[in-house]
Each structure stands twice: as C-alpha cells, then as structure tokens.
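Beneath this line is the structure, given in structure tokens, with notes to follow.
The values are calculated or read from the model by the stated rules, or taken from the named source; none is laboratory data. Since we're looking at a predicted model, the values are computed, not measured. In this analysis, Cβ positions are derived from the backbone assuming ideal geometry, glycine residues included, and neighbour counts consider all displayed protein chains. Accessible surface areas use protein heavy atoms only, side chains included; no ligands, DNA or RNA. Shrake-Rupley method; radii C 1.70, N 1.55, O 1.52, S 1.80 Å.
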Amino acid sequence: MGATVVLGRRQLFMLPTRFGLLFALLLLVQLLAAINYGNGLAYALTFLLGSLAVVSMLYTHRNLLRLRLSAGACVPVFAGDVAVFRIHLINDAPTPRLGVTLLQRKKEIAYVDIPAQGGADIELPVPSRARGYLALPPLTVQTRFPLGLLYSWSRRIELEQSCLVYPRPADPMPYRSGAATTSESAPGSLSGGDDFIGVREFRPGDSPRHVDWRAVARGQDWHTKQFGGGHPVTVWFDWDTLAGLDTEERLSVLTRWVRDAERDGRLYGLRLPDKIIAPANGERHRHNCLRALALFGLPA
C-alpha cells in the first residue's frame, strides 16, 4: 500500500457482536411467541426491531467506507527512544464518522470521532531498538457504530512511512580528532574569537564573564554570550581513530561526538570508510552526519 489509503468495499468486513447475537436470539424468541399467540403487536415489534438491525448494518458499513488514511512525518530519534508516528484520518463525506477505532496488533490505540469533511490526527508511539529506518507497523480500523450490534473492520493497512533512527549515543568521552585540527573558515561557525555573534542557553561550567547579566537582571533566562573569529578550529571525527572498537561501538561514539560538537557550537566534519562530510555546523549538518551514521553498512 502507499502513503495514502482509501478504504473500499473489498477492504471492509462485518460480523455481529456478542450483543448482536443475543439481540438476534431475542428476536427469534419474540417471533416464535408472536406466531404461537397470533399477536399482531408482537409481530409489529419484532419486525420493527429487525428492521432497525438491518438499517444499523448499513450505517456500520458506511462509517468506514471511503475513509482516507495517510501518514505524516516522523521526527528522527535515537535508538532506544520512542518514535512517534502521526496518522491522519480524513473524512471527505458530508456526514460525520463516529466511534472509529484504530487498532495495532489487536490493541486499541485510539478512539476518535471524525467531523464531516474534516479529519483527526492520531499519534502512534513505537519503541525503536536498532539504527536505520523503522517502518510504521500495520494498522486496522474498526467501528461498532451506531448500535453496537455489528462491528466492521478493515484489512491490515500498511502505510509506506518510516522513521529514521540514529545510533544510540555512547557515554561522554574526549574527542579523538583525526588528521589534526585545522584553522579554516566555513559557513555556520560558532567558534571562539573577539566578535560577538549571539547568545546560547547557559550551561554549568560557562565562564561568568560571558554570562549575559543584563538579560538576567531583566528577569530573563540565563544565557551565555558567544564570540567568533575569522578562522575557527575545525574538528574531524574519523572512523579510523576508534580502532579496537566494533562497528556499533564506533557509531555510538561518533554519534556522541557529533551531538556534543553541535551543542558546543564547534565546526566539525565526519570521515567514514564510505563517506566524507565536509566541516560545518547547524541543525542540517548535524542531521546529515547522524543520518550517515544511522545508515552506515545497511542495505540501500
């Protein structure tokens, strides 16, 4: 299935619930009593209740027919964290869809009412265990609307959506910079110097001389002033500097270094056996480095 699925007639099934079977049994008993006593009112009540059950069958089926499901973006996470998939339920019909249940492995994860020509968003948390791409698990949609006598459900829905899982960061450890650090200019640098370039959130250990005391006096959050020069120090994170560790341990250490370097505003590059990422910094550069580490050695 694709990134968007529309539920058609061939994807929906229907069966009576336990209450529906009990209701059918009561109707049968009532019908036998009406035949035995020849009571017209009993006949009328039996057929009235039976017709309500038939009409509810149509409403139950229509509550899911042509319901549209699509998957939204998933924010990358680190291995061991919980990935949150966003699922959009879209109702193009002029009538609302009430009592729609979303199931994953036969476990209810959401119960929503979808307004007419509207939609509803559902978040599905999925634990991540290994780096790479984590696929959205198959889902099932179900409803018992309107009377609970019947329930309709869909085939397993497999939306083509995945979440990128970065390697799990190792414990903090000193950098082992490959090919020696160099002094060169590059866009996005936040290294030290004499020119004021902005502020960042205060962290324990920052020099009191760099604290933005004026902002503190105004009652604002604590921030540290940052200064930059024309030739920042570049740090290379090299695969070959971690000899003696296995593949996953190397990836974990490199992930830790990338996170720490970005947090400290350093200019950093990454050297892997199959890829070299030029020095830079910023959120996009961080993602490119972590993505390369997440997909290292995995089949395309």
Identify the single condition in (1) in contact with a Leu (Cβ under 8 Å, 6 or more places away or on another chain); (2) surrounded by 14 or more Cβ atoms within 10 Å (Cβ to Cβ) that G8 does not satisfy, given that it satisfies every other one. (2)
Within region 253-289, restricting to residues that are in contact with an Asp or Glu (Cβ under 7 Å, 6 or more places away or on another chain) and either free of Cβ contacts under 8 Å to residues at least 40 places away in the same chain or in a strand (DSSP E or B) (or both), the one that is surrounded by the fewest Cβ atoms within 10 Å (Cβ to Cβ) is R271
Could you give me the residue pairs with C-beta distances under 6 Å whose first residue belongs to region 202-226 and is on the phi < 0 side of the Ramachandran plot and in a loop (DSSP other than H, G, I, E, B), whose second residue is open to solvent by less than 100 Å² (accessible area, probe 1.4 Å) and of a type in the set (K, R) wherever it lies, and which are 6+ apart or on separate chains? D212/K225
Could you check region 109-126 and list, in sequence order, the residues that are open to solvent by 70 Å² or more (accessible area, probe 1.4 Å) and in contact with a strand residue (DSSP E or B) (Cβ under 7 Å, 6 or more places away or on another chain)? Y111, D113, D121, E123, P125
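How about region 145-161: which of its residues are open to solvent by less than 50 Å² (accessible area, probe 1.4 Å) and not hydrophobic (A, V, I, L, M, F, W, C)?
The answer is G148, S152, S154, Q161.
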From the options A180, A217, residue that is modelled with pLDDT under 50 and either loosely packed, with under 12 Cβ neighbours inside 10 Å or of a type in the set (K, R) (or both): A180
Name the residue that is farthest from S162 (Cα to Cα), counting only residues in region 12-36 that are open to solvent by 40 Å² or more (accessible area, probe 1.4 Å) and touching a residue at least 60 places away in the same chain (Cβ under 8 Å). F23
